[in-house]
Amino acid sequence: MAPSAAAGSAPVPEIAAPRRAATAPPILPLAVRGLGYSADGASLVSDLNLDIADTRVHVLVGPNGAGKSLTLRLLHGLLAPTAGTIRWNGAPPDRRVRLRQAMVFQKPVLLRRSVLANLTYALRAHGVPRRERHQRARAVLDAAGLSAVAGRAARVLSGGEQQRLAVARAWAVHPEVLFLDEPTANLDPAATRMVEDMIAAIRDQGTAIVLATHDMGQARRLGEEVLFLHRGRLRERSDAAAFFAGPQSPAGRAYLAGRLLA
Ligand SMILES: Nc1ncnc2c1ncn2[C@@H]1O[C@H](COP(=O)(O)OP(=O)(O)O)[C@@H](O)[C@H]1O
Ligand SMILES: [Mg+2]
């Protein structure tokens, strides 16, 4: 199970559970078949098959250059595959699917606006009515511990605060799927912990999470299922407890032991 709020840090307040249009079918399951991505003659993601039907935390691990970032971008529809198919409950990852998902990058991409405006802008883009925008923005700012800096320019925040804002913005749109690409790679342990607490809280509210990380401590803390990627191929897929007790694949064992660098 994913941990909820860590000992020693403030508990994350409840945010209203996602409200779905009664008519909208669920976005899961995800079905990926024969997915490939090649560029300049190099095969960077190959023959990837993957089904995700539940809202656990799925951690995508593997050495640098394994194809984690490319895989997230393909699944979220930011990059078109050169082979295979991606279907979210039957639909390709087009704009309509993307609006029901959110993605957080290693380096937060923030607007030159206030902290609050970064949130209300995203909510407007997602079609959230004006009256509700402020209320939702305030709730996630509170959860992110950013209420005191709501009026400040987003770009003057510390690195940790900026990333919390990026996660809060993703949370505010009530995504059904949240992709996170090395969200704490630039953060110190305290800031990392705060972001991890937010991720656990988002998961607890029923969002499916796909988290790419090369931080195995983080994968252990948050992961419920491990997807081990090596040289563009999905080498192993296991419950996190089983993976950390002993990976099935030689490459997985080498990676966990710190002996696999690329
Ligand atoms: N747009 C691209 N064109 C060509 N090569 C790319 C492109 N994006 C990534 N790569 C290469 O693909 C491989 C996988 O990259 P990436 O998905 O970023 O790995 P990871 O996130 O696991 O570190 C790397 O060798 C990288 O240099
Ligand atoms: Mg990456």
Cα-only radius of gyration and Dmax that characterise the range 64-205, units Å
15.4, 48
Cut-off 18 Å (backbone N to label point 7 Å along Cα→Cβ of residue 85), residues of the range 48-71
48-53
Determine ³J(HN,Hα), in whole Hz, for all residues of the range 205-216 in sequence, where each value follows from phi through the Karplus function 6.51 cos²θ - 1.76 cosθ + 1.60 and θ = phi - 60°; x replaces Gly and Pro.
8, x, 8, 6, 10, 10, 10, 8, 8, 9, 8, 5
Evaluate the charge dipole of the chain about its Cα centre and quote only its size in Debye, nearest 20, assuming +1 on the Cβ of each Lys and Arg and -1 on the Cβ of each Asp and Glu.
880 debye
J(HN,Hα) series, the range 178-190, from Karplus relation 6.51 cos²θ - 1.76 cosθ + 1.60, nearest Hz, glycine and proline x
10, 9, 10, 10, 6, x, 10, 4, 9, 10, 7, x, 5
Rg and Dmax of the chain, Cα atoms only, in Å
18.1, 55
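Nearest-5 percent of antiparallel DSSP beta bridges in the range 93-230?
Working: 1 of 10 bridges.
If I count the DSSP bridges inside the range 93-230, around 10 percent turn out antiparallel.
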Could you work out the mean projected area of the convex hull around the alpha carbons of the range 108-174, in square nanometres to one decimal?
3.8 nm²
Could I have the simple spin-label model distance between residue 253 and residue 47, label points 7 Å from Cα toward Cβ, reported in nm to one decimal?
2.3 nm
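Report, to the nearest whole %, how much of the accessible area of the chain belongs to carbon and sulfur atoms, 1.4 Å probe, protein only. All intermediate terms of the calculation are to be shown ahead of the outcome.
On the way: 6250 of 12150 Å².
Roughly 51 percent, rounded to a whole number.
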Which percent, nearest 5, of DSSP beta bridges in the chain are antiparallel?
55 percent
Once you keep just the Cα pairs under 8 angstrom separated by 6 or more residues, what percentage relative contact order results for the chain?
29 percent
Considering the zone a paramagnetic label at residue 39 would reach in this model (a point 7 Å from Cα along the Cα-to-Cβ line), which residues of the range 222-250 have amide N under 17 Å from it?
231-233
Efficiency of FRET between residue 245 and residue 111 - r from beta-carbon atoms, R0 35 angstrom, step 0.05
0.20
What size of dipole, in debye to the nearest 20, comes out for the range 108-174 about its Cα centre when the only charges are +1 on Lys and Arg C-beta atoms and -1 on Asp and Glu C-beta atoms?
260 debye
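The values are calculated or read from the model by the stated rules, or taken from the named source; none is laboratory data. Being a predicted model, the structure only gives us computed values, none of them experimental. As a convention, Cβ positions derive from the backbone with ideal geometry for all residues, glycine included, and neighbour counts pool all protein chains shown. When the accessible area is computed, the model is the full protein with side chains, heavy atoms only, and any ligands, DNA or RNA have been set aside. Shrake-Rupley method; radii C 1.70, N 1.55, O 1.52, S 1.80 Å.
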